[in-house]
Amino acid sequence: MPDINLDQIDWDKGEGLVPAIIQNSSNGQVLMLGYMNRQALEKTLSSGKVTFFSRSKNRLWTKGETSGNWLDFISGEIDCDADTILIKASPHGPACHTGTKTCFNDNTHTTIGFLDTLAALIAERHKTMPEGSYTTSLFTEGKARIAQKVGEEGVELALARMKGDRSEMVNEAADLLFHMMVLLEDAGLSLTDAVAVLEARHKKVTAVADENRNGGDASMRAT
């Protein structure tokens with residue numbers, strides 16, 4: 001994750017304050033916008049709790065200090081102009097004082113963004129091969145073992161579906177997805193590559209459907 005260098009931030013542009021966009025680290029949902037001065041960011045980094053400078057209270061304010069709805073700091077990045085911060089955080093309870101999950105809307109977001117975190121972890125395991133790691137053991141045993149695990153998990157998921165066991169289906173689907181990601185990493189590929197294929201297929205199907213709705217290709221209609 002990118003580190004925040006406080007000296008690279010343009011504190012002068014906003015008279016000592018910079019906007020801080022808070023994003024849910026697990027699903028990418030934007031939770032809220034606050035303002036930080038240097039001291040607020042320093043406290044955020046040292047305490048692990050997202051802290052702002054309250055313009056109304058004219059003091060540092062740690063989110064959740066009265067409500068208990070903390071924002072655990074996960075990572076941060078500075079934008080291209082060095083005058084805005086993107087903070088990724090893990091929320092404990094609603095982010096908005098009104099009781100909603102975010103200050104912008106309360107639409108449910110998926111946790112699909114976690115797959116990027118998991119993919120990065122798998123790649124790191126592949127690179128460093130730490131002892132005692134299950135992922136390391138898979139890479140050590142090689143592609144045949146990894147492929148075997150994907151096959152086993154796929155069969156177990158299918159059997160769980162036939163039994164109608166929802167809890168088992170979810171667990172087996174998680175196992176299958178994890179081992180599939182390990183297989184792709186071992187082959188120098190990623191879920192992004194697979195998603196790109198799905199996107200291309202979707203665009204093709206959509207284009208054909210649009211053409212059919214419009215009565216076929218325009219050049220053909222003109223003849």
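Summary of values
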{"read-out": "Number of positions in segment 128-148 that are farther than 18 Å from Leu118 by Cβ and among the β-branched types (Val, Ile, Thr)", "value": "1"}
{"read-out": "Failed item, numbered, when Ile4 is tested on (1) surrounded by fewer than 16 Cβ atoms within 10 Å (Cβ to Cβ); (2) aliphatic (A, V, I, L, M); (3) in a loop (DSSP other than H, G, I, E, B)", "value": "(1)"}
{"read-out": "Flag if Glu77 is among the acidic types (Asp, Glu), under 30 Å from Ala119 (Cβ atoms) and surrounded by fewer than 21 Cβ atoms within 10 Å (Cβ to Cβ)", "value": "yes"}
{"read-out": "Odd one out for Ile112, checked against (1) modelled with pLDDT under 95; (2) touching a strand residue (DSSP E or B) at 6+ places or on another chain (Cβ under 8 Å)", "value": "(2)"}
{"read-out": "Hey, Gly68 assigned to a loop (DSSP other than H, G, I, E, B), over 29 Å from Thr192 (Cα atoms) and at pLDDT 90 or above or not", "value": "yes"}
{"read-out": "His126 being in contact (Cβ under 8 Å) with a residue 60 or more places away in the chain, in a helix (DSSP H, G or I) and touching an Asp or Glu at 6+ places or on another chain (Cβ under 7 Å)", "value": "yes"}
{"read-out": "Odd one out for Met129, checked against (1) of a type outside the set (Lys, Arg); (2) surrounded by 14 or more Cβ atoms within 10 Å (Cβ to Cβ); (3) modelled with pLDDT of 95 or more; (4) over 26 Å from Leu6 (Cβ atoms)", "value": "(2)"}
{"read-out": "Count of segment 7-47 residues which are in contact with a helix residue (DSSP H, G or I) (Cβ under 7 Å, 6 or more places away or on another chain) and either part of a loop (DSSP other than H, G, I, E, B) or not assigned by TED's automatic domain parsing to the domain that holds Lys57 (or both)", "value": "2"}
{"read-out": "Which numbered condition Leu86 fails, given (1) modelled with pLDDT of 90 or more; (2) not in a strand (DSSP E or B)", "value": "(2)"}
{"read-out": "Only listed residue being surrounded by fewer than 18 Cβ atoms within 10 Å (Cβ to Cβ), more than 22 Å from Leu115 (Cβ to Cβ), β-branched (Val, Ile, Thr) and outside the structural domain of Leu121 (by TED's automatic domain parsing), chosen from Thr62, Thr51", "value": "Thr62"}
{"read-out": "Whichever residue in segment 132-154 is surrounded by fewer than 16 Cβ atoms within 10 Å (Cβ to Cβ) and of a type in the set (A, V, I, L, M, F, W, C) and, among such residues, is nearest to Leu183 (Cα to Cα)", "value": "Ala147"}
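Let's see how each residue does on (1) outside any helix (DSSP H, G or I); (2) out of contact with any Cys (no Cβ under 6 Å at 6 or more places or on another chain); (3) within 25 Å of Leu121 (Cα to Cα); (4) small (Gly, Ala, Ser):
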{"position": "Leu138", "(1), (2), (3), (4)": "no, yes, yes, no"}
{"position": "Ala147", "(1), (2), (3), (4)": "no, yes, yes, yes"}
{"position": "Val155", "(1), (2), (3), (4)": "no, yes, no, no"}
{"position": "Met162", "(1), (2), (3), (4)": "no, yes, no, no"}
{"position": "Ala173", "(1), (2), (3), (4)": "no, yes, yes, yes"}
{"position": "Leu176", "(1), (2), (3), (4)": "no, yes, yes, no"}
{"position": "Met180", "(1), (2), (3), (4)": "no, yes, yes, no"}
{"position": "Ala196", "(1), (2), (3), (4)": "no, yes, yes, yes"}
{"position": "Thr206", "(1), (2), (3), (4)": "no, yes, no, no"}
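The values are calculated or read from the model by the stated rules, or taken from the named source; none is laboratory data. Worth saying up front: this structure is predicted, and the values here are computed from it rather than measured. Here the Cβ is made from the backbone with ideal geometry for all residues, glycine too, and neighbour counts use every protein chain on show.
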